[in-house]
Every structure is written in structure tokens, then in C-alpha cells.
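Undergrad: Input: one structure, supplied below.
The numbers here are math on the coordinates, done by the rules we state, and not lab data. Here the structure is a predicted model, which means the values were calculated and not measured. Heads up, the Cβs are rebuilt from the backbone with ideal geometry, glycines too, and the neighbour counts pull from every protein chain shown.
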Amino acid sequence: MERQFLKGCEAIAESAVRAGCRFYAGYPITPQNEIPEYFARRMPEVGGVYLQGESEVASVNMVYGAAGGGTRCMTSSASCGISLKAEGMSYMAMARVPAVVLNAQRGGPGVGDIRPAQQDYFQATKALGNGGFQYIVLAPSTIQEAADMTYEAFDLADKYRNPVMVLTDGFTAAMMEPVVLPEQKSEEELAAIKAAKKADWALKGKVEGQPLHKISFNAGSKPPQGKFMNTGEDRNKTDAAMYELWKEEEVRYEEYRLDNAEVVIAAYGVAARISATAINILRAEGYKVGMIRPIRVNPFPEKPYAALDPAKVKGILVVEHSIPSQMIYDVKLATGNTIQIDTCLRSCGEIISRDQIVEDVKKIFAK
Amino acid sequence: MEEVKVYSRASSIPKNPYIGFCPGCMHSTTFKVIAEVLDELGIVDKTIECNGVGCSGLGLGYVYLDNVFCAHGRACAVATGIKRTNPDNIVFTYQGDGDGGSIGIAETIYAANRGENITMILINNGTYGMTGGQMAPTTLVGQKATTAPWGRNPEEHGYPVHIAELLDSLTAPAYIARVAMNSVQNVRKAKACIKKAFQYQMEGKGFSYVEVMSNCPTNWGMSPLETLEYMEEHTLKEFKLGEIRAK
Amino acid sequence: MERDLIVGGFGGQGVMRLAQLMCYTATETTDKYVSYFPTYGGEQRGGTANCFVIISDEKIGAMTAPKCDDLIVFNNPSLAKFEARLKPNGTMFVNTTVATDAPKRTDIKIVNVPATEIANEVGDIRCANLAMLGAYIGYTGLLPAENIKKTAEKKLGAKRPELIPLNNAAFDRGFEIGKAAREAEKEA
């Protein structure tokens, strides 16, 4: 397969097109403007629709409509823009329509800091909109992963009839690396996907003698016989069962040089790739250090963290571009507070250096 | 004598709708008119409705069509997403004045400005009905609301927003009309305008907008008959009826 | 093997483009790992536009290195900022037309390239980055010159075909300077 040297944003947008994204709406915001710019040029070539919404709020609701109509669709933004999209996302999660939302994280809020960061972990994994809805959250650490995960996100969204979030950051959006792009799905396959949705649940127009397709508060599951709709609680129970299923089937993580590790780094996304370099340096110096990297931050990989042996692991170092740390709480929950956790953090555009991680790991060994 | 059927229930209004409206409320009249138009145009099986939030959202259970429950104010954005990806469907929004004229004014204006080939039906009854009678963008000067207990005061609250005329300042919209449901004659005129709005969409002419002057006996604190009189004497003097634009 | 390069200059001097052209070429002509990282945060202050390039046999983790093998500076602020980050015996390529301050380090190699002057001479100031890139390639031999020129033609020439011959001329003149510097070093 041919390698192409691409900017994160370009790789993401092209992968979305190849996954069959045929509707994109967005609103300009740094640092992901190359995504809408790419779609604006590319969508007409594949018979898709690109729209610049009048706001983030409008854009996400346009996507809600396109998703309800059965088209593979996407919106993207950065941090404060995602806050504005959160309500729309919760509507999509409530109505159970598949869509992909990408967050190129920056500091915040809004003009608080526009430079890259990883400061939306809580928002993405715990409370994206109200109502307690959840999303599978993919966390790429390289541009190749950003491309692959964006592609995969469309399949996951359709599989569960639920929005999926790709949680990346301004660093990854702006940098460039060689990428092998995923395969273009055929028009026939995409037409079949859309037709299947229309036959099942997507908006199409009333057919005499068949149930209406309503994109609404009761859309995710069939109401009991004789009832017009499920209650909100019925819906919550159905959704909660799906979230439990994710924990069994959709957890993804990477164990990096974890053998005999006495210090374990916990990091996702761009922080994880920097940590990998630090680990290589430390291992070369004889330090037994490894990493558990959530490839998806929701559902969180509890089991590998829970499996760490407090008798052997001196400490965990959470490496994250967020001050204070956000992922630390999930690591604490998974390890039941049995292992000391330290942090190596920067925020608001400052990038963590390999040296800083090396130093902080050595501090744990010196304890 | 041969029996001839002269009137029947519109096909998308069920006999026992799951949800109804307050007695005397013109939402049900408006829905009836829309449903009749869809039958007459033969587009029921193609039509997708985008419901706003508030009493307009009750349409979700009152009209049996494929539909979307949209977040407050966002119906025109949702309709945009549907129509752009399903151009063969007929897509309309059904929104209140608070929904389409206050919280969703941006979505309304920009869908109109893009000339989206959708139809927007906006119910103007001067109040937030479902939430209990708060001041709306269309509340008349002096008209009382729970959040304007001494009536709308221009110095404090500004003046009623004329949404149809706002849209008329844009180049793209194809059809703009304001109609009322307070008399048989007006209902007939309203039906003609609503039909025309859907025809514009069927012909691909672009954004069509019909503002429907309505009442709210419950929150106006009047009997249904009194609301008819109030509309003639006050509301329709502020909001002029008629076709504002028909490209 | 990992080769780290930092390029710094004013915005508008084509600093980022220079680095990108190298990376495009490395992607197309080698099977090495490549990363291009425009800098943010503290790195960005001081009126400079900087980027980090890594070309490596191993998968690239961190996109910025604390010390670099090569440094290209287009102005005085980036000279001042990055000189200390060059590894001992590393090479600094200086656009002497604009970066006029004298380097402080004595444990590094310096290749002087009057890139902006060359660009003006070939007919367009925008070609300064190609002159510098020519010098870098001429000195390091890191990537084939012909491929770099082809990439430049593809990436820059599409919008501005009139610049193609000027870019090539600037590149060639830089290339000779870089090559001569390398040969002089060998002889010494």
C-alpha cells in the first residue's frame, strides 16, 4: 500500500470519505480547520455534502438530521466547540443514531487557550451532554491511528446505532506523518448500508401498514406491545445494557514493554507516543518501566490496570496534557488505590518532553 | 339516494392520537390543514417532519408521519441535514415562535439564507405555551406573560419580532407568507398558502416559510372564543397577514 | 538511527514548506519513519515559526527531541533560541542574509548560506527556502536532489508554475554551497 505524507486533519478527513462519510457539517475553529476545508474540496468529488453551519450547534444538528436519514455523517470541532455540540450529541445518543464526532482537543475554555491539549477527557468519557449518555471514545496516538480510527468509527457507530467520538488533539491535527490510507468503500456497499438503515429505523416517509420511523426519545428500542413509546427509564436501561456490553467487547488497549515493569505509565493519545520514547530510553538504561495505553478511553481498559500486582509495581505515572490530571481517576478506580499514582503533566499547548517523563519515572524508582 | 363522501379525516391524523392539544388551540387546526395538504399533494409517503420543542413538539404524537424530535431551536438545521442527504423526501419543520424565532433564530435565518429546499411552518401565538406562558419574541407590547407580569414593556423587553419580515430581508427564500387560523375564511387562505409552500418545495424552488398566527387560550387566560376576538383586535394588527414573497 | 532536525525562522520565509518538502520526499523515496511537527506553546513565542523533523529507522514516538542533529535558522531569534539545542558536532545551516548574529558555540559545524540573497538574485525572495534546502541536501546527501526538486514542482508549482524554474535555480545554487562546504570539511 502506498504511503502518503499527510497532515493529521487531511488523513482524518480522507479516511472519513473512504469510510463512506457523505455528509459533513462543521464550523471553523482552530486547530482543526483543515478538516472542513478538506471536506469542502473533496465532498463534491464523491457526491457527498459539505456544509458550513452557522454555528457548532447548527452543525451538529445538521448531522443529527443526516444521521436520522441513514447517511454516514460526521462533524468535528475542538474542545469549546464540542461543548456547544454536546447537546446535539446527547440527542443523537438518545435517539440512537450513528454519527462520528471528532474532537481535536485544545486548552480552554474558548479563548482561554487555543493551543493543543488533552483537557477534555472528563467531557468525552463522562458527560458529553446531559442524560448520562455514553459514547465509544477512540484515542489515536499517531496520524496513522487517527486515519484508521476515524474509518473504524463509522462502522462502530452503525454497529451500535450510537454516536462515536474520536478524541484527538491539536498536536496530532497539525503534525504530518506518512500514512497508508484505508480502502475506499464501494458505492454499492454504502448504498446497501443506507438502505438497510431505512428498512430498519431511518427516516424515509411513512409506509402504509408498517411502523413509523421516528427519530426521537424512544428510538433505540421497540416499545412494548400496545405502547406508543418507551419511558425514559426504559431507554436508559436499554442503553446501560449496551454500555455494559461495550466493556466486554469494545475495550482496546496496548501494553508497551510491560514485562517485569516496576513503574507503569498510564497515557493515551499523543502523551502515549511521547511516553513510548521515554520508556525506550529508560529501558536502555536498565529501568523496568512499561505502559498501559488505552486505545479507547471509553470503555476504559480497567482489567489490565486491575491486574497490576502492587507487590511488584512501585508506582504508576499518569502522563497527560492536562493540569490537573483527568484520566487519573479511572486509573485509581481500576487499581483500587492499591498502587501509588504520580503524574507528569503539562497543559495549554505546552508539550511534554521525553526528558520530563524520564526524570519523573526515575523519581519514582528513587523513592 | 347515492352517498357521496365529501369529507374524511386526513390520512396522517389518526382517530385517537396519542397526544392532543388544549381545547380551542389552533395547533390542531394547523396540523389538520397540513395533513390535508399532504394528502392532496400525494406526498404523505415522502414527507418527514421535524418537530420543534414546546407545544409544537406534541406533533410527534399527533401527526403520524416519520419524524424527528429536534432540540429546542434546531429544527431547520436538522431538516437541512435530512433534505441534503435525501433530496427526494419532502421535509418540513413545525416550530413555535420561541423555538424558531428566539433560541433558533440563527438556524431559521441561515436555513432561509442558504435557500434550503425545505418548508418551515412557524406557529406564532405570542407565548411559550408548554412552559407556562412566558414572554415570547412575539409577545405584543402590553401583553402580559408570567415573565412580564406587567405586560411587555418596550423599554425593558424591546418590541415583538416580525420573523416573516426578517426573512424577507434575505435574497434566497422563495416563499414567505403569514396566515391565521382564527376564522373559516382565514383557515382557507392558510391552507392555500401552506399548500403553495409545499408545492414550492416539490418544485425545488427553495426555502418556503409560513408563519401561522395562532392562539393560546390556556396561557392567554381566555376562552377560545375570546382569543378569536383578541387576535382580530390586537395580534393581527401587529402581524399583518398575506403573502410577503412568492418567487 | 534517528535524525532530528529543527528549522526556525520568521513566518513567511517558507520554513514550514522547506521541512514539508523534505518529509514528502522522504516518504516517497525511502521506507523510513518520518514526522513533521510544527511547534506550539513556549516554542512559538518570540516571533519565530519553527518545526521539528524526525527521519528514523524506528517507529517515532516523541515528535520533538531535546537535542537535534541538524539546525536550520533563517533569522536571529531562532538562532538564539535553538543554537543550544544542537548536539555537539551537529551542523547549523544559517541564512546569513537575515541571521547576522555570530553563533556562540564552538563545538558545532556551521554552513553559511546567503539564502535570501540567492533568492533575490534568481528573481523571487520566496525561493529562499529552496536555496536553503539545496544547501542542506548538498551537505548531508540525506535525500536525492532530483526527487526533492520533483516534489517541489508538484507541491509548489501547481499554484505558481512561474516559480518552478526559479525554485530549481535557487535549489541548485544552494546545493553547490552545501556540497562545497562538505568537501572543504573532508579536506580539512
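Undergrad: Using mean Cβ contacts within 10 Å as the protection proxy, how do A:337-344, A:81-88 order, highest first?
TA: A:81-88, A:337-344
Undergrad: To continue, here is another question. For chain A, give the magnitude of the charge dipole about the Cα centre (Cβ charges: +1 Lys/Arg, -1 Asp/Glu; no others), in debye to the nearest 20. Provide the component values of the computation, followed by the final result.
TA: Details: 42 positive and 45 negative charges, 121 e Å.
Result for chain A is approximately 580 debye, rounded to the nearest 20.
Undergrad: Kindly state, to the nearest 0.05, the FRET efficiency for C:Lys87 paired with A:Phe365, given R0 = 30 Å and r defined as their beta-carbon distance.
TA: Efficiency, from the Cβ-Cβ distance: 0.65.
Undergrad: Then there is this: Give me the three principal axis extents of region A:90-158 from the C-alpha atoms, as integers in angstrom, largest value leading.
TA: Answer, in whole Å and largest first: 33, 32, 15 Å.
Undergrad: Could you work out the mean count of beta carbons from other protein chains within 10 Å of each residue's beta carbon in A:168-175?
TA: For peptide A:168-175, the averaged partner shielding equals 3.
Undergrad: Once you have a ≥ b ≥ c as the square roots of the Cα gyration tensor eigenvalues for region C:2-187, tell me rounded if a/c is under 1.5, and otherwise prolate or oblate according to whether a/b is larger than b/c. Intermediate results must be reported in sequence, preceding the final value.
TA: On the way: a/c = 1.29, a/b = 1.14, b/c = 1.13.
Here region C:2-187 falls in the rounded category.
Undergrad: How many percent of all Cα-Cα pairs in region B:39-86 sit more than 17 Å apart?
TA: Above the 17 Å cut-off, region B:39-86 has 36 percent of its Cα pairs.
Undergrad: Nothing charged except the Cβ atoms of Lys and Arg (+1) and of Asp and Glu (-1): what's the magnitude of the dipole of the protein assembly as shown about its Cα centre? Round to the nearest 20 debye.
TA: 380
Undergrad: Please compute the modelled spin-label separation between B:Asn16 and A:Asn260, points set 7 Å along Cα→Cβ, answer in nm with one decimal.
TA: If labels sit at A:Asn260 and B:Asn16, their model points lie 7.6 nm apart.
Undergrad: Hey, can you grab everything whose amide H is under 5 Å from the amide H of A:Leu6? Only 5+ residues off in sequence or another chain; H modelled, so Pro and N-termini drop out.
TA: Distant-sequence amide H within range of A:Leu6: A:Glu177, A:Val179.
Undergrad: Turning to a different aspect of this structure: Place a point 7 Å from Cα of B:His234 in the direction of its Cβ. Which residues in region B:18-38 have their backbone N less than 19 Å from it?
TA: Correct set: B:24-27.
Undergrad: Could I ask something else about it? Which residue fluctuates most in the GNM of chain A (Cα springs below 10 Å): A:Glu250, A:Glu34, A:Glu233?
TA: A:Glu233
Undergrad: Sticking with this structure for a sec: When you look at the Cβ of every residue in A:49-55, what mean number of other chain Cβ atoms sits within 10 Å?
TA: Mean inter-chain Cβ contacts per residue within 10 Å come to 5.
Undergrad: For A:Val166, what residues show an amide H to amide H distance below 5 Å, using hydrogens built from the backbone and excluding near sequence neighbours?
TA: Those lying under 5 Å, H to H, from A:Val166 are A:Val101, A:Leu102, A:Asn103, A:Leu138.
Undergrad: For region B:1-100, would you read off the P(r) tail past 18 Å as a percentage of all alpha carbon pairs?
TA: 48
Undergrad: Quick one: pull the percentage of alpha-carbon pairs in the protein assembly as shown with a separation above 42 Å.
TA: 42
Undergrad: Additional query: Using a Gaussian network model of chain A with C-alpha springs under 10 Å, which one of A:Ala153, A:Ala19, A:Ala261 is most mobile by mean-square fluctuation?
TA: Fluctuation is largest for A:Ala261.
Undergrad: Would you mind telling me which residue in C:Met16, C:Met63, C:Met92 has the biggest mean-square fluctuation in a Gaussian network model of chain C, where springs connect alpha carbons within a distance under 10 angstrom?
TA: Evaluated over chain C, the most mobile residue of the options is C:Met63.
Undergrad: Between B:Ala246 and A:Asp155, what is the label-point separation in nm under the 7 Å Cα-to-beta-carbon projection?
TA: Going by the 7 Å Cα→Cβ label model, 5.5 nm.
Undergrad: Could you tell me what fraction of 2.2 N^0.38 Å the Cα radius of gyration of region C:1-93 comes to, as a two-decimal ratio?
TA: Dividing the Cα Rg of region C:1-93 by 2.2 N^0.38 Å gives 1.02.
Undergrad: Same structure, new question: Taking a ≥ b ≥ c as the square roots of the Cα gyration tensor eigenvalues, with a/c under 1.5 meaning rounded and otherwise prolate when a/b beats b/c, else oblate, which class fits region A:315-367?
TA: Note, shape of region A:315-367 comes out oblate.
Undergrad: Moving on to the next point. Using r as the Cβ-Cβ distance of A:Val180 and A:Ala40, and R0 as 30 Å, what FRET efficiency do you calculate, to the nearest 0.05?
TA: Values: r = 25 Å, r/R0 = 0.82.
Calculated transfer efficiency: 0.75.
Undergrad: Set Lys and Arg Cβ to +1 and Asp and Glu Cβ to -1, take the dipole of region A:4-179 about its Cα centre, and tell me which of A:Thr125, A:Ala139, A:Ala95 lies farthest positive.
TA: It is A:Ala95, whose Cα lies furthest towards the positive end.
Undergrad: Compute the Rg to Rh ratio over region A:254-366 from the alpha carbon atoms, using the Kirkwood formula for Rh, and round to two decimal places.
TA: In region A:254-366, Rg relative to Rh is 0.92.
Undergrad: Would you mind calculating the relative contact order of chain B from Cα pairs under 8 angstrom and at least 6 residues apart, reporting the percent as a whole number?
TA: Numbers: 504 pairs, mean separation 46.0, N = 247.
Averaging sequence separation for qualifying contacts and normalising by length gives 19 percent for chain B.
Undergrad: Also, quick follow-up: List the aspartates and glutamates whose alpha-carbon lies under 17 Å from that of A:Lys367, not counting same-chain residues fewer than 8 positions away?
TA: A:Glu262, A:Asp342, A:Glu359
Undergrad: Continuing with the same structure: Can you list the residues, at least 5 places off or on another chain, whose amide H is less than 5 Å from the amide H of A:Leu317, using H built in the peptide plane?
TA: A:Val264, A:Ile265, A:Ala266, A:Asp342
Undergrad: By per-residue mean of other Cβ atoms within 10 Å, what is the highest-first order of B:95-101, B:225-231, B:214-220?
TA: Per-residue Cβ counts within 10 Å, averaged per peptide and sorted highest first, yield B:95-101, B:214-220, B:225-231.
Undergrad: Using the beta-carbon distance between A:Gln52 and A:Asp200 and R0 = 35 Å, what value does 1/(1 + (r/R0)^6) give for FRET efficiency, to the nearest 0.05?
TA: Working: r = 31 Å, r/R0 = 0.89.
For A:Gln52 and A:Asp200, the calculated efficiency is 0.65.
Undergrad: Let me ask something else about it. When the C-alpha atoms of chain B are aligned to their principal axes, what extent does each axis show, in angstrom, from largest down?
TA: Cα extents, longest axis first: 53, 51, 30 Å.
Undergrad: Work out the mean other chain Cβ neighbour count within 10 Å for the residues of A:275-287 and drop it here as an integer.
TA: Going residue by residue through A:275-287 and averaging, the value is 2.
Undergrad: Could you work out how far apart the two model spin labels at B:Thr131 and A:Lys332 are, taking each label as a point 7 Å from the Cα in the direction of the beta carbon, and quote it in nm?
TA: Result: 3.7 nm between the two label points.
Undergrad: Let me ask another. For region A:35-119, I need the span (max minus min coordinate) of the C-alpha atoms along each principal axis, in Å, sorted largest to smallest.
TA: Sorted from largest, the Cα extents of region A:35-119 read 37, 32, 21 Å.
Undergrad: Would you please report the Å³ per residue occupied by the convex hull of the alpha carbon atoms in chain A?
TA: Spread over its residues, the Cα hull of chain A gives 135 Å³ apiece.
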